Amino acid sequence: MTKGPASSGTAQAGTSAEDPAGGGTAQAEDAVVDAWRGLLVAHSRLVPAVEADLRAAGQVPLSWYDVLLELNAAPDLRLRMSELGQRTVLSRTRVSRVVDELAAAGLAERQPDQADGRSSFAVLTPAGKEALRRAWPVYRQAIHRQLTSRLTPQQCRELAALLGQVIAVVDLDPPATVSG
């Protein structure tokens, strides 16, 4: 991934890349692009690394862990599929497939919503709770090894606060639609 046509793909603090739209430089815009690029690159590298650590330890895949974690935190260990789709980092279609995979493995089950026949619940099973418990130390160690070992506790707090601000705004603002 590069910032612009003349970029080597790496940005240095205090440098300015060529503006691909106008051919000039824009220091403030570079910081925005650098932040966005950093977020994308960090995500693209950290997620597979954590996934590999879970796989190497014989634990559930990261997508399963995400769903199990949300179900474990839910009242009565269950969520409507639509709620689960909103809480996880997966697409709604992927959440449905993961719940099917978890059900086939005995880690979750689908239950019909008696109040709304069009909807169903995903429910954490005792085996799912146990799988989550077993995966947690590996997941925690992977996060530490891949991310927090490179940051101070204060930097971790700052990163969490900054990302929390972004998440709060994105959750409040619906995505823009493009008319064409």
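Taking a ≥ b ≥ c as the square roots of the eigenvalues of the Cα gyration tensor, an a/c ratio of 1.5 or more together with a/b no larger than b/c marks region 84-129 as oblate. Our note on the geometry: Cα centres of region 106-165 and region 84-99, 12 Å apart. Take the Cβ atoms of residue 110 and residue 143, set R0 to 25 Å, and the FRET efficiency comes out at 0.25.
Packing order of peptides 60-71, 95-106, highest average first: 60-71, 95-106 (average count of other Cβ atoms within 10 Å over each peptide's residues). Summing charges over all other residues whose Cβ lies under 13 Å from the Cβ of residue 119, with Lys and Arg as +1 and Asp and Glu as -1, gives +2.
Here region 47-180 has 57 percent of its accessible surface on carbon and sulfur atoms, given a 1.4 Å probe and all protein chains in place. Under the shape rule built on the C-alpha gyration tensor, where the axes satisfy a ≥ b ≥ c, region 111-168 is oblate, since a/c reaches at least 1.5 while a/b does not exceed b/c.
The values are calculated or read from the model by the stated rules, or taken from the named source; none is laboratory data. Keep in mind the model is a prediction, meaning the values are calculated, not measured. Note: ideal-geometry Cβ built from the backbone for every residue, glycine included; neighbour counts use all protein chains shown. Keep in mind that these areas ignore ligands, DNA and RNA; they rest on the heavy atoms of the full protein, side chains included. Shrake-Rupley method; radii C 1.70, N 1.55, O 1.52, S 1.80 Å.
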